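Asker: Okay, here's the structure, questions in a sec.
The values are calculated or read from the model by the stated rules, or taken from the named source; none is laboratory data. Just so we're clear, the structure is a prediction, and the values are computed from it rather than from any experiment. For neighbour counting, all protein chains shown are included, and Cβ atoms are generated from backbone atoms with ideal geometry for every residue, glycine included.
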Amino acid sequence: MTTPQIGTPVGKPLPFNDNRHLQAHQFLVDEAYLLDAQQYETWLDTLADDIHYLMPVRVTTALGAGFDTSPGMAHFDEDKYSLSRRVARFATEHAWTEDPPSRLRHDITNVRTFACEDDVHLVVESAELLFRSRGDVNEAALVSCGRQDVLRRCGDHQDQLKLARRTILVDESVLRMQNLAVFL
Amino acid sequence: MVDQHRVLDNVRRGMIPAHIYNDKELFELEKERLFSRAWLFVAHESEIPQDGDYVVRRVLDDSFIITRDANGEIRAMFNMCLHRGMQVCRAEMGNASNFRCPYHGWTYRNDGRLTGLPFHREAYGGDDGFPRDGQTLLPAPNLASYNGLIFINMDPDAQPLEDFLGDFRFYLDFYTKQSRGGLEVRGPQRWRIKANWKIGAENFAGDMYHTPHTHASIVEIGLFREPRAQKRKDGATYWAQCGGGTTYKLPPGNFEERMRYVGYPDEMVDRIKRVWTKLQQQLVGDDGFMISAASCFPNLSFVHNWPKVLDSADADSPDDVLPFISIRLWQPISENETEVCSWFAVDSAAPPEYKKNSYKAYLMCFGSTGMFEQDDVENWVSLTNTAGGSMARRLLLNSRMGLLSDDRPVVDPLPSAAFHGPGHAQVGYNENNQRALLRLWADHLEMPPVSTAMTALGTAATI
């Protein structure tokens, strides 16, 4: 999917006591709560209408090959509509994969916030470890990834943040999770 | 090894001992007798379009480098250095003229020829100690392609691929030949599921019965209009030699109208008409059947569906759908684990906008994040888990749907005038294809192990 490039980061990461960093960090932690609790309709409202939500397929390539993702292939390559269909599906009574629901824990660390050339966007990097447990004794599954997000100020007083871009770089080539009926 | 005759006899009459879906001994038997002589899909030629391109693929425990060499020829080479056995290529894909072993620096051309052997003269006394010329990485025992699908066979005396595929090629063409240029594929997405490999292969081969229930949510959110219970059972299942699949019954119309109904733009239909035979076109145009899922024995599957994926689509307009094709490998890891490799495939001549939307359709429906797929895997993991216990050894699962007690069919087969494809076909829910797949499975498990020859390199001694 091609979407307009927005949010060019400038300079070093913002100091951890910078208000913009604090706001961005809180956005990610609040979002992790929504994803753990599977409150997906509320989560959908935190996404900008022009969201591009991308999770490329990682591949092992020789050092110097110049690429480490599978050309033209992703796990997620979503816009607001396709994400809304996924959320709508979970709201039906027939999404068996999450009935009974998984126990999820999205751990978010290594948050770095960058100012952008414009005042509207912030670029935020984070590391994420998702723990997912299903049933009583099934082996739990983990997904480790890095994320690069673009957050956008919006609302009447520019006091609200929405997620406008997310690129999820998963740390495994072969996923050890039975499906991605989750969001990262 | 316990006597499996009783197990296999039960399988042949459609009564499936539940433990076959999680049985270590049977898995060893599958490796020894089935995967050692079946044609196994490894890659599509479009994954390695340029000279020097390569992908590394596994066939059970063996790693192969699939390359397009400097002369454009496709090769499959065992990924093990002739000297100390290191993997000479540890990437999954790339472009290389040479592979150099990281251990002692032996170097191979991308056609497998050994070209570099450090200190050949000093260490080996030159060709006297180790004749370098003519040495190559071990080639796969057998290699062949059909419509760009590259298969390996571990049996050097295997029957030719074309003979193995036989009549199933008629159906393979629907997925893999929609223009003279053929497919281009992307991926695969790879992920591991705690499920036996046979379950997915059976499901794609013929399980129309699960669609309305397992995938009810897909219809409810307006993604795919077809799988309502009443509509799904109007489709036909077919089996032809080494494979079979499911179809949907299309509304009345001619070939062009029915291709348009599932979302093919006119320019693609024009190209398709130039490469599909008259009979292939009649299956759609006269008989009104459109291919959906299919499996080719033992572990290769295909999907062709036509969901509604654009938000511009009017919720009340049934016409705004778009087809996608996916190729799927059920790579066995153990008796209770499978690596799923799932490729998105699209005709190489398709317009860019079509490719973009077809890719989107694929991601929404199938693959690691696909909304169809999510519910399937949940079922298969649960089934495999339960099949590992002792109670599963006391239970014969009834897989006789479509048969009466005296083995007469519940529904008469379709005559060739109503189904223009080869093999056997019938309308409605049945488990004929699952039984056909498992019969081939049972037949293979009773064959003797494949004889293998040793290759000794750089020595006059014969082994």
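Asker: Does the range B:157-165 contain at least one residue that is under 15 Å from the mean Cα position of the chain (by Cα) and closer than 27 Å to B:PHE99 by Cβ?
Answerer: Yes: the range B:157-165 contains one or more residues that are under 15 Å from the mean Cα position of the chain (by Cα) and closer than 27 Å to B:PHE99 by Cβ.
Asker: Consider B:ARG169 carefully, then state whether it is basic (Lys, Arg), part of a loop (DSSP other than H, G, I, E, B) and more than 14 Å from chain A (Cβ to nearest Cβ).
Answerer: So B:ARG169 fails the test.
Asker: Tell me yes or no: at least one residue of the range A:112-123 is away from every other protein chain (no Cβ under 13 Å), part of a loop (DSSP other than H, G, I, E, B), touching a helix residue (DSSP H, G or I) at 6+ places or on another chain (Cβ under 9 Å) and modelled with pLDDT of 95 or more.
Answerer: Within the range A:112-123, none of the residues are away from every other protein chain (no Cβ under 13 Å), part of a loop (DSSP other than H, G, I, E, B), touching a helix residue (DSSP H, G or I) at 6+ places or on another chain (Cβ under 9 Å) and modelled with pLDDT of 95 or more.
Asker: Another question about this same structure. Please return the ranges of strands (runs of 3 or more DSSP E) entirely within the range B:51-165 where 2 or more residues are of a type in the set (Gly, Ala, Ser).
Answerer: By residue number, B:142-146.
Asker: Oh, and also: Restricting the search to the range A:56-79, which residues are facing chain B (nearest Cβ under 8 Å) and either aromatic (Phe, Trp, Tyr) or closer than 20 Å to B:ASN357 by Cα (or both)?
Answerer: Answer for the range A:56-79, where residues must be facing chain B (nearest Cβ under 8 Å) and either aromatic (Phe, Trp, Tyr) or closer than 20 Å to B:ASN357 by Cα (or both): A:VAL57, A:SER70, A:PRO71, A:GLY72, A:MET73, A:ALA74, A:HIS75, A:PHE76, A:ASP77, A:GLU78, A:ASP79.
Asker: Residues of the range B:339-393 being touching a residue at least 40 places away in the same chain (Cβ under 8 Å), more than 7 Å from every other protein chain (Cβ to nearest Cβ) and among the hydroxyl-bearing types (Ser, Thr, Tyr), which ones?
Answerer: Those that are touching a residue at least 40 places away in the same chain (Cβ under 8 Å), more than 7 Å from every other protein chain (Cβ to nearest Cβ) and among the hydroxyl-bearing types (Ser, Thr, Tyr): B:SER342, B:SER348, B:TYR354, B:TYR359, B:THR384, B:THR386.
Asker: Can you tell me which residues in the range B:172-199 are more than 14 Å from chain A (Cβ to nearest Cβ) and surrounded by fewer than 24 Cβ atoms within 10 Å (Cβ to Cβ)?
Answerer: Selection gives B:LEU172, B:ASP173, B:PHE174, B:TYR175, B:THR176, B:LYS177, B:SER179, B:ARG180, B:GLY181, B:GLY182.
Asker: Inside the range A:165-176, can you point out the residues that are facing another protein chain (nearest Cβ under 7 Å) and surrounded by fewer than 22 Cβ atoms within 10 Å (Cβ to Cβ)?
Answerer: A:SER173, A:VAL174, A:ARG176
Asker: Quick one: which of B:GLU339, B:GLU373, B:GLU378 is acidic (Asp, Glu), surrounded by fewer than 24 Cβ atoms within 10 Å (Cβ to Cβ) and assigned to a helix (DSSP H, G or I)?
Answerer: On inspection, the qualifying residue turns out to be B:GLU378.
Asker: Quick one: count up the residues across the range A:126-147 that are away from every other protein chain (no Cβ under 11 Å) and either of a type in the set (Lys, Arg) or buried (at least 18 other Cβ atoms within 10 Å of the Cβ) (or both).
Answerer: Result for the range A:126-147: 6.
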